[in-house]
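The block underneath contains the structure these notes are about, expressed in structure tokens.
The values are calculated or read from the model by the stated rules, or taken from the named source; none is laboratory data. Just so it is clear, the structure is predicted and the values come from calculations on it, not from any experiment. Virtual Cβ from ideal backbone geometry, glycine too; neighbours counted across all protein chains shown.
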Amino acid sequence: MAEKLKFAVYWATSCGGCDVAIVDLCEDILSVVEVADIVFWPCALDFKYKDVEAMEDKSIDVCLFNGAIRNSDQEKVAKLLREKSKTVVAFGSCACFGGIPGLANFTNREEIFKSSYQETPSTNNPENTLPQTSHNAPEGELTLPEFYNTVSTLADVIKVEYLLPGCAPPKELIMTAVNAIVKGELPPVGSTIAGVKTLCDECDREKGERKIKEFIRPDKIKPDPKKCFLDQGILCLGPVTRSGCGQRCINANMPCRGCFGPSDYVHDMGAKILGGITSIIDSNDEEEIKKLTDQIVDPAGTFYRFTLPYSLLKRKIMKKEEV
């Protein structure tokens, strides 16, 4: 019997949904463990960092790393797993593009701490105590990871061979990746394990002239399940988002939010969808156009919901001492 492959799974800054997606393989996970041993998965099994440190370099065949990089501990573990792994896969939207946590790049550490530890209605912190990286207690020195100003993608910190996008990656794509690993049929390094075209190219909804006269949030109407969302005035990021998700949101009669990131033909999702939307607004009147665009709630958070750290913007401009 051939020697089993060695897999590692790690969870950085994310919601935990990517780990749940692996569990959701259900009986298919049995076919995975037939050919691979999971040698590190803190979310599911009792492993310690020292266990990884003791491993030989490149002894892990594949590391599935989910979550963005938010603090020094996550960066340290990412670099450690890079040393120990032959192949690293950015698993899920947060690792690939920064994901929802990446929206914190519209602010900074100081503002986040102020909001979280001083200003929330439920906070009782009269001394305005904030988290510190170290504290001398009677028991000894207590430490916390450094909380960074900027959320980074995994590829900003270490070399990554493949991207497996999704929030979370669908079961079918996970098994496609696993089978490719087992058979030695992975695509060229640098590939995204998903579709090539945009979701809009695969969507079979009826498309009209796309002349938008108003923007409507999907909770305010019952969308026509056969008609293009944009034709109904509902923002949909399908025209700029990579295909491969199986149209899960579209089939549930909800517009695409962009969790698969940009297609090969799109460099910056926010800029691209903004340009596309402005081109189909059915007005040439400046005042009317402003009224229409004011109907878009949180445009930055909508257009860069999953991809701000991956975009040309990356974050808001900070003062030199904050970087």
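See the values below:
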| quantity | calculated |
| --- | --- |
| Single match in I250, I221 (criterion: part of a loop (DSSP other than H, G, I, E, B) and either exposed (fewer than 13 other Cβ atoms within 10 Å of the Cβ) or more than 17 Å from the chain's Cα centre (by Cα) (or both)) | I221 |
| Qualifying residue in the range 191-206 (condition: on the phi < 0 side of the Ramachandran plot, assigned to a loop (DSSP other than H, G, I, E, B), surrounded by 15 or more Cβ atoms within 10 Å (Cβ to Cβ) and more than 20 Å from the chain's Cα centre (by Cα)) | yes |
| Criterion (touching a helix residue (DSSP H, G or I) at 6+ places or on another chain (Cβ under 8 Å), over 30 Å from G301 (Cβ atoms) and either loosely packed, with under 15 Cβ neighbours inside 10 Å or not assigned by TED's automatic domain parsing to the domain that holds F40 (or both)) met by exactly one of E127, E139, E110, E53 | E53 |
| Residue check, I273 farther than 18 Å from L312 by Cβ and in contact with a helix residue (DSSP H, G or I) (Cβ under 8 Å, 6 or more places away or on another chain) | no |
| Some residue of the range 67-78 being over 23 Å from G16 (Cα atoms) and either free of Cβ contacts under 8 Å to residues at least 24 places away in the same chain or part of a strand (DSSP E or B) (or both) | no |
| Residues located in the range 153-188, provided they are without any contact (Cβ under 8 Å) to a residue 40 or more places away in the chain and polar (S, T, N, Q) | T176, N179 |
| Filter result for T120 (of a type in the set (S, T, Y) and under 23 Å from I22 (Cβ atoms)) | no |
| Unique match (being in a helix (DSSP H, G or I) and either among the β-branched types (V, I, T) or under 16 Å from A177 (Cα atoms) (or both)) among L25, L30 | L30 |
| Check on L154, modelled with pLDDT of 95 or more and in contact with a helix residue (DSSP H, G or I) (Cβ under 6 Å, 6 or more places away or on another chain) | yes |
| Tabulated pairs, the range 232-260, first over 21 Å from I296 (Cβ atoms), second surrounded by fewer than 19 Cβ atoms within 10 Å (Cβ to Cβ) and among the β-branched types (V, I, T), C-beta under 7 angstrom, 6+ apart or interchain | none |
| Among the candidates I280, I317, residue that is of a type in the set (A, V, I, L, M) and under 20 Å from L199 (Cβ atoms) | I280 |
| Counted residues, the range 79-117 - those being of a type in the set (S, T, N, Q) and free of Cβ contacts under 8 Å to residues at least 40 places away in the same chain | 2 |
| Top-ranked residue in the range 296-315 [being in a loop (DSSP other than H, G, I, E, B) and out of contact with any Ser or Thr (no Cβ under 7 Å at 6 or more places or on another chain); ranked as nearest to V151 (Cα to Cα)] | K314 |
